[in-house]
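The values are calculated or read from the model by the stated rules, or taken from the named source; none is laboratory data. Keep in mind it's a predicted model, so treat the numbers as computed, not measured. All Cβ positions, even for glycine, are placed from backbone atoms using ideal geometry, and neighbour counts span all protein chains on display.
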Amino acid sequence: MVIIGVGMYFWFGRKPKPASYDTIVFKNTDDSIIKKMQVYLADDPKEVMFDSVWTVTADSMPLKKVLDGVTQDTMSRQYKNITLFLTYDHKSFYDLEITKPDPKLTYNYTFDIEPMTDSDTLIIDGLITPNQGDVMHFASPMMEMYSKFVITYNHKLPPPPPDSLAIKGHDANKTITILKN
């Protein structure tokens, strides 16, 4: 009886193995919005272009679509630096850069998307929950999409050459160049 009790203690006291994937979930979001939402993934991009499809500028490869018009889906957790592009009906987007300290960590991405009361701008309210560590919360408006534009992540580019005449100031983390309205 004691052996059975000890066995049950260890069996039920085990911690579950972490999932082998990350989860993306839309909560508290109208079905009409979810049906038009898409999530794309880019592996540590320096530049990304949108011209009817999302592509990485360096090699013109289309971005991987990880969610398309559904409430939730999963993606591989084996990454260190990625950028998620959340798009609504090719009219607005939000890019989310993610750096994991360890690719073995599992993240749960929860997004709540709703329109502002006085305009057609969508607001994204997100929560990133790792299986270990602190939770991150953010809220921001989604940006308008143009028919052709490029997003450059300046902080991932090589530093410019030193110039004694340059005005020192804050450099933007990213630049959006509109190529066609």
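The listed residues are Thr83, Thr129, Thr110, and the only one of them that is in a strand (DSSP E or B), within 13 Å of the chain's Cα centre (by Cα), modelled with pLDDT of 90 or more and over 23 Å from Lys36 (Cα atoms) turns out to be Thr129. Considering the range 132-153 alone, what residues qualify as being exposed (fewer than 15 other Cβ atoms within 10 Å of the Cβ) and within 14 Å of the chain's Cα centre (by Cα)? Met136, His137, Phe138, Ala139, Ser140 - these are the residues of the range 132-153 that are exposed (fewer than 15 other Cβ atoms within 10 Å of the Cβ) and within 14 Å of the chain's Cα centre (by Cα). Among the residues of the range 95-107 satisfying the criterion of being assigned to a strand (DSSP E or B) and among the β-branched types (Val, Ile, Thr), which is surrounded by the most Cβ atoms within 10 Å (Cβ to Cβ)? The extreme case among them is Ile98. Has the range 134-154 got at least one residue that is of a type outside the set (Ser, Thr, Tyr), outside any strand (DSSP E or B) and in contact with a Phe, Trp or Tyr (Cβ under 9 Å, 6 or more places away or on another chain)? Among the residues of the range 134-154, at least one is of a type outside the set (Ser, Thr, Tyr), outside any strand (DSSP E or B) and in contact with a Phe, Trp or Tyr (Cβ under 9 Å, 6 or more places away or on another chain), which makes the answer yes. For the range 15-67, filtered to residues that are more than 15 Å from the chain's Cα centre (by Cα) and of a type in the set (Asp, Glu), the residue that is surrounded by the most Cβ atoms within 10 Å (Cβ to Cβ) is Glu47. In summary, Ser92 fulfils each of the numbered conditions (1) over 13 Å from the mean Cα position of the chain (by Cα); (2) surrounded by fewer than 16 Cβ atoms within 10 Å (Cβ to Cβ); (3) under 20 Å from Phe50 (Cβ atoms) with the single exception of condition (2). Checking each residue in the range 81-124 for being touching a Pro at 6+ places or on another chain (Cβ under 9 Å) and closer than 12 Å to Met143 by Cβ picks out Ser92, Tyr94, Thr121, Leu122, Ile123, Ile124.
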